Every structure is written in C-alpha cells, then in structure tokens.
Amino acid sequence: LPPFVMSVGLFVDAAANEVTQTLAQARVDMLQFHGDEPPEYCRRISRDCGVPYLKALRVRPGLDLLQYTRDYHDAKGLLLDAYIEGTHGGTGATFDWALIPKNLPLPVVLSGGLTPENVAAAVRAVRPWAVDVSSGVESSKGIKDAATIGAFIAEVRNADV
C-alpha cells in the first residue's frame, strides 16, 4: 500500500483463531470488529496480535453510546452504522445522526448509507473523525464508480467544518 493508507481487517463474530490465522497471512494496521464481540474479546485479540481496533456499532434508538465508550474504552474509535435487523452492516441505510451524543470520548467513524448527496450534511451534523463508504459510491453491486468516488471526496472536503 502507498504511504498513509491503512489496511483494516474486518471481522464479524469470528473465532479468535480465525483472526490470528488471518493476521499470520496478511498484515493489517487496524482490526474492525463488526459483530457482537464483547469488550474482553476485542481487547484480548488486539493485545495478543499487537494491532489496535475499532468497534462497530449499529445505532438505533435506546442504544447507549456513552456506555459503549466506557465498555470499549481501549478502542481507537467507534464505527457507527445503521441498525437493520438480521444484518451487520453494508445495507446502504442511514440512521438518525441526532442519536449520536456530541460528547463521545472516542473518535467516531461515521458509516451507513453515505453518498455524495448526503455526506456533507453528515459531516456537518456529526463532525466525525472519518467517514466510511462502500455502496454509496457504487454504480452497481460491488462495482465502485470513479466519478462518484470523486464527488464523494469533494463533498467531504467542502463540508463546512
């Protein structure tokens, strides 16, 4: 990878040995736990592998994000995504950004249904440390569109922050 690009290993409720076997074959700079992994699991894998982690949470009314920042206090940040029953992300759905407390003590990576049309408003509303996009820059399922990616980046850069 070129300089300043981080590789992220994304895992959803993976067995610990699956994570360690993957890391033995591919070096990653960050782990992203996107399932129902408890804090102790994330902490142990991160420590044993010597790789920091992000914890992904699917945001919905009633979810106590402040409690999650206490539970996952050693995470490098929280990736906040939309809650859709039966899935762990990648739905292209947005969520109500007002559900994110302004005083979260961990950096926020905002995800969930971001597109060139809404990312500037999302950045202004949430003021995240970073944004995460996938389906919002695709021309068809799994196919990224260079022009849409460029428009997305331009909107992030032009957000009034």
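The figures follow:
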item	result
Qualifying lysines (Cα of each under 26 Å from Cα of Lys144; at least 8 residues distant if same chain)	Lys55
Cα long-axis angle, helix 16-25 against the chain (0 to 90 degrees, to the nearest 10)	70
Listed residues Gly150, Gly90, Gly35, most fluctuating in the chain (Gaussian network, C-alpha, under 10 Å)	Gly150
Solvent exposure of the chain as accessible area per residue, Å², 1.4 Å probe	56
Region 1-77 versus region 102-161: alpha-carbon centroid distance in Å	21
Nearest-ten-degree value, helix 39-49 long axis tilted from longest Cα axis of the chain	80
Computed over region 12-161: relative contact order in percent, which uses C-alpha pairs under 8 Å that are six or more apart	17
Aspartates and glutamates with Cα under 15 Å of Lys102, excluding same-chain neighbours fewer than 8 positions away	Asp64
DSSP-defined antiparallel bridges as percent of all bridges, the chain, nearest 5	10
Potential extension, Arg47-Asp96 segment - 0.36 nm per residue separation minus Cα distance	14.3 nm
Exposure ranking of Ile84, Ile100 by accessible area [1.4 Å probe, largest first]	Ile84, Ile100
Overall Cα dimensions of the chain, principal axis frame, Å, largest first	40, 36, 32
Candidates Phe11, Phe95, Phe33: whichever shows maximal mean-square fluctuation once the chain is modelled as a Gaussian network with Cα springs under 10 Å	Phe11
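The values are calculated or read from the model by the stated rules, or taken from the named source; none is laboratory data. Keep in mind that what you see is a predicted model, and the values were worked out from it rather than measured. Note: accessible area is taken over every heavy atom of the protein model, side chains too, but ligands, DNA and RNA are not part of it. Shrake-Rupley method; radii C 1.70, N 1.55, O 1.52, S 1.80 Å.
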